[in-house]
Each structure stands twice: as C-alpha cells, then as structure tokens.
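Let me begin by presenting the structure, written as structure tokens, before commenting on it.
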Amino acid sequence: MAKQAKEFLAALNQNVDAWYAGRIDHEKFSAQQRTTWDAIRGAGHAVEELVLRALRDQLPPVKRAF
C-alpha cells in the first residue's frame, strides 16, 4: 500500500515537473493529473489517504495572524 502511494506521488510530481519544464501543455497536464487521481481513488481509501497526507506534509506551515 505504501509503495503504491509512493508511485502515485512520483507520477504526480513528474507531471508537475513536465508542466513547469514546458514539455507538456495544460491540456496534457490536466488529463494526466485526472488520470492519476482517478487511479488513486480507485486504489482505495487507505492509499488515497496516504497520498493526501504526504501532499499535506509538503505544504508550508500555516501562519496565523492573531
């Protein structure tokens, strides 16, 4: 399960890298992201949760204004 989540994360990151490098256009980027997310959801709730948790862990911390 964790291996599958890592593979999905790698696919998402490779797609983002290809977009930023100009190797794919927005249409191709969107289609690949949609395909990957459909596969993530199809792999089951546990795998999806691992992927989402890993993506959340990459976000910068929230800075509260109060």
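Where a number appears in this text, it was derived from the coordinates with a stated rule and is not lab data. Every value quoted in this text rests on a predicted model; they were computed, and no experiment measured them. Quick reminder, even Gly has a Cβ in these numbers, built from the backbone with ideal geometry, and neighbours come from all protein chains shown.
Observations, loosely collected:
- Qualifying positions in segment 1-37 - without any contact (Cβ under 8 Å) to a residue 12 or more places away in the chain and among the hydroxyl-bearing types (Ser, Thr, Tyr): 20, 30, 35
- Filtered residues of segment 38-66 (kept if free of Cβ contacts under 8 Å to residues at least 12 places away in the same chain, over 12 Å from residue 9 (Cβ atoms) and among the hydrophobic types (A, V, I, L, M, F, W, C)): 59, 62, 65, 66
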